[in-house]
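Right, one structure below, let's go through it.
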Amino acid sequence: MDRDLHERIADNEAMFRQVNESIARGQWPGDEGKPVGFRCECARLGCNVVIELTMPEYEAVRANPRRFVIAIGHELPETERIVQTSGGYAVVEKLDEAGAVAESTDPRG
């Protein structure tokens, strides 16, 4: 894949991460153990898969700015590696240029 494509993919995933950050901010205190529907953060255009995670599970993904939560089978081995699978979702870590874009677009800075 060329560099421009890697950057476009990472930008798309960063946008879905922003959506999920808004979802996480809207949760009520005390609801941490209940599943919450988050958008798949994959690079597939038109993906509308909703993934359920608890807030602690989501926060564990967000602890690393290079990591994204995606539906199983939505990974792109050219730009990321799977670091965890659980209950219908996978956590991927962005590599190389895609990783640098993921870090620079992390809403948590």
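The values are calculated or read from the model by the stated rules, or taken from the named source; none is laboratory data. Remember, it's a predicted structure, so these values are computed and weren't measured experimentally. No Cβ is skipped: glycine too gets one built from the backbone with ideal geometry, and neighbour counts run over all protein chains shown.
If I ask for residues that are at pLDDT below 70 and farther than 13 Å from Y58 by Cα, which ones from the range 4-30 would you list?
Selection gives G26, W28, P29, G30.
Determine if the range 27-35 includes at least one residue that is without any contact (Cβ under 8 Å) to a residue 40 or more places away in the chain and surrounded by 18 or more Cβ atoms within 10 Å (Cβ to Cβ).
First pass over the range 27-35, keeping only residues without any contact (Cβ under 8 Å) to a residue 40 or more places away in the chain: 27-35.
Keeping just the survivors that are surrounded by 18 or more Cβ atoms within 10 Å (Cβ to Cβ) gives none.
Within the range 27-35, not a single residue is without any contact (Cβ under 8 Å) to a residue 40 or more places away in the chain and surrounded by 18 or more Cβ atoms within 10 Å (Cβ to Cβ).
Name the pairs: first residue in the range 1-16 and surrounded by 12 or more Cβ atoms within 10 Å (Cβ to Cβ), second residue of a type in the set (K, R) and not in a helix (DSSP H, G or I), Cβ to Cβ under 6 Å, at least 6 apart or on different chains?
Hits for this filter: F16/R39.
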